[in-house]
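A.B. asks: For reference, the structure I am asking about is given below.
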Amino acid sequence: MDGTLLFQLTLNGLIVGALYGVVAMSFVLIYKASQVVNFAQGEFLLVGAWMCWWFLTEWQLPFVIGFLFTLVFMTLFGIILQVVVLRPLIGEPVISVIMATIGMGIFFQALMKWIFGVFAKPFPPVFTAERVSVLGLEVQTAYLLSLGISVAIMAGFGWFFRYSRHGLAMRATAFDQQVAQSLGISVPRVFAMSWAISAVVSAVAGVTVGMVNGVSSALSFYGIKVFPAVILGGLDSILGAVLGGLIVGVLENLAQYVDSQWLNWGNMYQVAPFYALLLILLIKPYGLFGTRNIERI
Amino acid sequence: MLDAVQRPAPAAAAQPARPLLEVSNIEVVYSDVILVLRGLSLSVPQGGIAALLGANGAGKSTTLKAISGLLKTEEGEVTRGEVRFAGERIDGIDPHEIVRRGIFQVMEGRRIVADMTCLENLRLGAFTRRDGEVRQDIDMVYSFFPRLKERTGLAGYLSGGEQQMLAIGRALMARPKLILMDEPSMGLSPLLVKEVFGIIRRINTELGVTILLVEQNARMALSVADYGYVMEQGKVVLDGTAESLAANEDVKEFYLGGHGAERKSFRNLKSYKRRKRWL
């Protein structure tokens, strides 16, 4: 038994899990508002991270400005995707919409490889100190920042959906589109807004991961990791998405611990969340907080 | 006895100025094939309460949806005629735009957002507004419905009457010029119906909101309305002031539940008397 390693891995798990939670939230946001299962969520991270990398290295912008540019770009990106790809599909069968999002995912995956190449590229150093010591553990500054950003985004979501006009409008749209329209809410605009927010939030997650690991198409793997998280939490619960993300993050790190200490199979880190996914689907198919009777895919 | 002959466009009752809402000769078709309204006309003067009565399936709710634009959400369409609000044509406009112009529909079955609190539902009603007076208006709604203030839980757990009050309160939050109410008495106890209608009247007199009311409870509706329309099979077949309609023999017979002493007991009612049809 190695106590420090266990603690370190748990902390890593929480940090990575918070990021999963953030991506899962943005996935659930789209699902709740517009009933679209977005298989291109991981590509949002990828596009966001590459754009930020491009602004920082090619344009030589300072980090804060490059980051803001990225957010603006992703807002437009989300809106355009919704208007051009998803809006014409409103009212079409679920499977067509899913196919369209899968297609989008493949398209952007390939486009990014075409433009930026297939090799991981490091972000220019943003922080002066690479690592800081927390409670006797070495933690990468970027990870700390990512934890801070994740918590801030979650708090922001909480505020947005409880107190802001547009947040309430989104919840009303998720509840009943006809009611929303009778209240003066433009449903297409709510759809576009949910895609924009989702794209922006995913991009933030993408940039933080990119700062640690470098930017490469591996980033889009987050989009796949989101499924265990979201299904654990319940497909239509934002709180569930956050918890699901944290649980998956911790779970994969603990699985790695078990693996490194006893099993030595060498792949538990990647696979454990999906074992968990299978178990959840068997035992509690609606997740921890999901409503029943929601569509399964 | 009123003149029951169908008129092309009934004139507003003693209102020299142009009425706030004018529906003239509209035809509504659902899914391109089902003709529901066949040349319906009505008008509501500024500050008035008009009641729209009729049997199930006469097209009352469709009429309201044609005005509020919600028809669009149900594959319906105004194919002929026009709807004018404050002089401007509003048929064919998206429902959320119509709300911004000042028409708010309180839909049948209340349709409050069940997984939000009472207060959130009220704030949602003010979605189209950008002024800073939402807070005052919430207090104003609470002054009409004091019991809503005590309800802090989810709106889905409110009683039917409270949900109806919340639905009306939510409409007031939008500061509409015209409220379209679809069956506010549905599923409420007689006492609550009385209370709700009392408030509808107060909203009209105190806030000056014009109201178009669709009701099954014709007696109640005619007691608060100034003017009434009776619909049948997608057309207005009878209209007049509320008093004249309430006194009308046919309306009494078919909508106010029997008339005269011989109908007080249903024992002698061997067979259901077929409702008279004007069409």
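A.B. asks: Normalised radius of gyration for segment B:44-131, please: alpha carbon Rg relative to 2.2 N^0.38 Å, two decimal places.
C.D. replies: That works out to 1.20 for segment B:44-131.
A.B. asks: Can you bin every Cα-Cα distance in the protein assembly as shown into 10 Å intervals starting at zero and give me the percent of pairs per bin, rounded to whole numbers?
C.D. replies: 3, 15, 22, 19, 15, 11, 8, 4, 2, 0
A.B. asks: While we're on this one: If I fit a long axis through the Cα atoms of helix B:190-207 and take the longest principal axis of the Cα atoms of chain B, what angle between them do I get, 0 to 90°, rounded to 10?
C.D. replies: Result, in degrees: 70.
A.B. asks: Right, next: Using a Förster radius of 35 Å, what is the FRET efficiency between A:Asp2 and A:Ile224 based on their Cβ-Cβ separation? Nearest 0.05, please. Let's see the in-between values first.
C.D. replies: On the way: r = 30 Å, r/R0 = 0.84.
The value I calculate is 0.75.
A.B. asks: Using a Gaussian network model of chain B with C-alpha springs under 10 Å, which one of B:Thr62, B:Thr152, B:Thr241 is most mobile by mean-square fluctuation?
C.D. replies: B:Thr152
A.B. asks: Which is the longest run of chain A containing none of the GluC sites (Glu not before Pro) found in DSSP loop states (not H, G, I, E, B) with at most 16 other C-beta atoms within 10 Å?
C.D. replies: By the stated rule (loop sites, at most 16 other Cβ atoms within 10 Å), A:131-294.
A.B. asks: Ignoring GluC sites (Glu not before Pro) that are buried or in helix or strand per DSSP, and keeping those with at most 12 other beta carbon atoms within 10 Å, what is the longest stretch of chain B between them?
C.D. replies: B:134-279
A.B. asks: If you don't mind, another one. Identify the chymotrypsin sites (Phe, Trp or Tyr not before Pro) of segment A:96-155 meeting these criteria: DSSP loop state and at most 15 other C-beta atoms within 10 Å of the C-beta.
C.D. replies: A:Phe119, A:Phe127
A.B. asks: Based on the Cβ-Cβ distance from B:Arg129 to B:Arg202, what FRET efficiency comes out when R0 is 22 Å, to the nearest 0.05?
C.D. replies: The formula returns an efficiency of 0.50 here.
A.B. asks: Highest GNM mean-square fluctuation, chain B, Cα pairs closer than 10 Å: which of B:Arg84, B:Arg111, B:Arg170?
C.D. replies: B:Arg111
A.B. asks: Starting from segment A:14-106, pick out the chymotrypsin sites (Phe, Trp or Tyr not before Pro) whose DSSP state is loop and whose Cβ has at most 14 other Cβ atoms within 10 Å.
C.D. replies: Details: sites: A:Tyr20, A:Phe27, A:Tyr31, A:Phe39, A:Phe44, A:Trp50, A:Trp53, A:Trp54, A:Phe55, A:Trp59, A:Phe63, A:Phe67, A:Phe69, A:Phe73, A:Phe77; in loops: A:Phe39, A:Trp59.
Those satisfying the criteria are A:Trp59.
A.B. asks: Would you compute the Debye intensity of segment A:173-269 from its alpha-carbon atoms alone, equal scatterers and no solvent, and pass along log10 I(q)/I(0) at q = 0.10, 0.12, 0.18 Å⁻¹ to two decimals?
C.D. replies: Log-scaled intensity ratios, in q order: -0.42, -0.57, -1.01.
A.B. asks: Something else: Hey, what does the equivalent ellipsoid look like for segment A:1-133, semi-axes from the Cα gyration tensor as sqrt of 5 times each eigenvalue, largest first, whole Å?
C.D. replies: Semi-axes (√(5λ), whole Å): 31, 22, 14.
A.B. asks: I would also like to ask the following. Shape of chain A from its Cα gyration tensor (a ≥ b ≥ c, root eigenvalues): rounded if a/c is under 1.5, otherwise prolate when a/b > b/c, or oblate?
C.D. replies: oblate
A.B. asks: Which stretch or stretches of segment B:128-152 have amide N atoms under 17 Å from the point lying 7 Å from B:Ser159's Cα along the Cα→Cβ direction?
C.D. replies: B:145-152
A.B. asks: Evaluated at 10 °C with a viscosity of 1.306 mPa s, what Stokes-Einstein diffusion coefficient in µm²/s does segment B:149-214 have when Rh comes from the Kirkwood expression over alpha-carbon pairs?
C.D. replies: In µm²/s, the coefficient is 127.
A.B. asks: Calculate one ³J(HN,Hα) per residue across segment B:174-185 by plugging θ = phi - 60° into the Karplus curve 6.51 cos²θ - 1.76 cosθ + 1.60, and present them in order as whole Hz with x for glycine and proline.
C.D. replies: These are the phi-based 3J(HN,Hα) values: 7, 6, x, 8, 9, 10, 9, 10, 9, 6, x, 8 Hz.
A.B. asks: Longest exposed-loop-site-free stretch of chain A, with trypsin sites (Lys or Arg not before Pro), DSSP loop and at most 13 other Cβ within 10 Å?
C.D. replies: The longest uninterrupted stretch comes out as A:1-291.
A.B. asks: While we're looking at this one, here's another question. Under a plain spin-label model, where a point goes 7 Å from the Cα along Cα-to-Cβ, how far apart in nm are B:Gln216 and B:Glu82?
C.D. replies: The answer from the label model is 3.7 nm.
A.B. asks: For chain A, with a Gaussian network of springs between Cα atoms less than 10 Å apart, report the residue from A:Gly136, A:Gly13, A:Gly117 with the top mean-square fluctuation.
C.D. replies: Looking only at A:Gly136, A:Gly13, A:Gly117, the biggest GNM fluctuation is shown by A:Gly136.
A.B. asks: With a Cα-only, solvent-free Debye model of segment B:21-255, what are the log10 I(q)/I(0) values at q = 0.07, 0.08, 0.11 Å⁻¹?
C.D. replies: -0.21, -0.28, -0.53
We did not get these values from a lab; they are worked out from the coordinates using the rules stated. Since the structure is predicted, the reported quantities are computational estimates derived from the model, not experimental observations. For neighbour counting, all protein chains shown are included, and Cβ atoms are generated from backbone atoms with ideal geometry for every residue, glycine included.
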